[in-house]
Amino acid sequence: MKENIFHFALDHTAELVLVFGIGGKILYANHAAKQQLEYGEEISTRFIQEIFPNEFQIKEEPAELMAYRKNQTCFPIKVRFLKVLDDPSQYLCMGSNLTDQQMLAKKAKQAGQEAEKAEKIKTEFVANVTHELRTPVNGILGNTMNLPGKSGRKVSVAAYRIAQKVVGFN
């Protein structure tokens, strides 16, 4: 019963899982491996060196390698190789396809660059608009100081302060 659950879980995991012998012959491949490597059931007639032709080394530490499909196209993969405890003549290869992760990182970087560019354009625009508005308003403000008020006096200090706030001078 437990073995059936184990096989079911192994066959349906998103990670690529391969078991191979000392000579490199692939003995088992889960559904993800068959699909991502595009071999189907034929994968059990292949060797691990065909999947990792130039870089294959048995290491327990995770490594980022290129995995080759049946049609010789490749994709980045993070893999780990382990000896099978019950049978030291067999090895387990577990890997995660990094294509989507790398594409998302590239898109995030591009979005960050676009956001920085947009921020720079916005800052320049606001600076230009502020300059274009302040110049005539400052002229108006200066001229209002010379206008007579209701009682024949110059504009009151309160009115001048309000004009300063409108222009942005506190």
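Values in this text are rule-based calculations from the coordinates and carry no lab data. All values derive from a computational prediction rather than experimental measurement. Virtual Cβ from ideal backbone geometry, glycine too; neighbours counted across all protein chains shown.
Qualifying trypsin sites (Lys or Arg not before Pro) in the stretch 23-101, where qualification requires a DSSP coil assignment and no more than 11 other C-beta atoms within 10 Å, comprise LYS59.
Compared with the direct C-alpha span, the chain from ARG80 to LEU104 gains 6.4 nm at full extension, assuming 0.36 nm per residue.
Given a cut-off of 19 Å, what percent of all Cα-Cα pairs of the stretch 1-95 lie beyond it? Taking all Cα-Cα pairs of the stretch 1-95, the fraction more than 19 Å apart is 36 percent.
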